[in-house]
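S.K.: Quick one: the structure is below, and I'll ask about it shortly.
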Amino acid sequence: FRTALDLASGLGQVGDAERAWKASYRAAREAGDTAAMAWALWSGGTLARQRGGFALARRLLQLAADLGELGGDIVVRGYSLAGLAETGRIQGDYEAVHRLHEQLLAEARRRGEARHTVWALEGIAQIHRNTGSYDTAYALFEEAAEIAARAEDRRGHAWALRGLADIVSVRDGDVERALELLSEAETSCRAMKLSSALAYNHKMRGNVLYRAGRYSEARDLYEQALAEFRAMSEPRGEALARLGLAKALAHLGRDRAETAAELDDLARVLERTGLRHAREMVTRAQEEFGVRTEAAL
């Protein structure tokens, strides 16, 4: 299942990934291999989350966790529970999944699974960052970066550096340090051909420049990230890049009615997909630019 795993975890080859996990599942079912069926469903759930199909992701990942338990494969069960936790975190359901993240972190530490430990640390860090606990988030991202570097987990290290750059930017206002961290992360993303992580890196670079009031540069980065997300059919990233671009363009003099229409459309998209945190970000943008309509209330 390594092919399906790699394709679904950031290489951007969505069609191939879809075919790979379904073929893996059919082969495992014909062979009566319960654990292998669970791994295939985990790949399918991972891909569904990447494509914004959160309800399908939860269904597939829960089935994978159940089959993992039935087949006695604690690793696939753990990865499937981790996938459920990440799906809830991405949607902004922090209260429901924070405890599960902590549980999975404890299990990963106990088993000495470095990559899984890094994943859990980064997830908990993101929850703290999104709820305003910047110091705690920074410490967790820092620990994740150190563990990932020792374990030669370049993907995990790149995500941790991105998280550190975000905190350095929003908490400290240190633009140059944030951009340095993102440049280091980008090197790994390009070396491993991680198209999704690279697009999020570019979107974060846009965020850093936007916070610094460098709106023209931020606009260019958001446009680049938006094109990258659309190329890989990544709706969450697309929505976040659209939001950043709309805000940058508003500062650059875009017509107020156009800004209002763009933010209204984004609000509807995010409401439909259930991305709570991102939806709240749109609401704040509508209030910031004074374009919140009755339809958005």
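S.K.: Once you place label points 7 Å from the Cα toward the Cβ at Met192 and Ala55, how far apart are they in nm?
M.R.: Those two pseudo-labels are separated by 3.3 nm.
S.K.: How high is the relative contact order of the chain? Use alpha-carbon pairs under 8 Å, at least six apart in sequence, and give a whole percent.
M.R.: It rounds to 13 percent for the chain.
S.K.: Regarding the stretch 162-296, what are the three Cα extents along the principal axes, ordered largest first, in Å?
M.R.: Extents along the principal axes: 46, 30, 23 Å.
S.K.: As a test of the formula, what do you get for the chain when each DSSP H run with n ≥ 4 contributes -39,500 (n - 2.57) and the sum is divided by the residue count, at 222 nm and rounded to the nearest 500 deg cm²/dmol?
M.R.: After summing the helix terms and dividing by residue count, I get -27500 deg cm²/dmol.
S.K.: So what is the accessible area of the chain per residue, in Å², with the probe set to 1.4 Å? Intermediate results must be reported in sequence, preceding the final value.
M.R.: Numbers: 13470 Å² over 297 residues.
Normalised by residue count, the accessible surface of the chain is 45 Å².
S.K.: Share of the chain's accessible area from carbon and sulfur, percent, 1.4 Å?
M.R.: Details: 6460 of 13470 Å².
Ligands and nucleic acids excluded, carbon and sulfur give 48 percent.
S.K.: For the chain, just the Cα set please: Rg and Dmax, both in angstrom.
M.R.: When restricted to Cα atoms, the chain yields Rg and Dmax of 19.2, 62 Å.
S.K.: Mind giving me the FRET efficiency for Glu142 and Arg272? R0 is 35 Å, r the Cβ-Cβ distance, nearest 0.05 is fine.
M.R.: Here the calculated transfer efficiency is 0.45.
S.K.: Right, here's the next one. If Rh is defined by the Kirkwood formula over all Cα pairs and Rg also comes from Cα, what ratio Rg/Rh do you get for the stretch 32-165?
M.R.: 0.98
S.K.: Further, regarding this structure: Order these peptides, 122-133, 81-92, by their mean beta-carbon neighbour count within 10 angstrom, highest first.
M.R.: In decreasing order of mean packing, 122-133, 81-92 become 81-92, 122-133.
S.K.: So what are the stretch 129-239's ellipsoid semi-axes, whole angstrom, largest first, if each one is the square root of 5 times an eigenvalue of the alpha-carbon gyration tensor?
M.R.: 21, 18, 12
S.K.: Sequence neighbours fewer than 8 away in the same chain don't count; with that in mind, list the lysines whose C-alpha is under 23 Å from Lys203.
M.R.: Result set, ordered by chain and number: Lys193, Lys247.
S.K.: Same structure, new question: Rounded to the nearest 10 Å², what accessible area does Trp119 show when all protein chains are kept and the probe is 1.4 Å?
M.R.: Answer for Trp119: close to 50 Å² accessible.
The values are calculated or read from the model by the stated rules, or taken from the named source; none is laboratory data. Everything quoted here is computed from the prediction, not taken from an experiment. In this analysis, Cβ positions are derived from the backbone assuming ideal geometry, glycine residues included, and neighbour counts consider all displayed protein chains. Quick note on the areas: whole protein, heavy atoms, side chains included, nothing else; ligands and nucleic acids left out. Shrake-Rupley method; radii C 1.70, N 1.55, O 1.52, S 1.80 Å.
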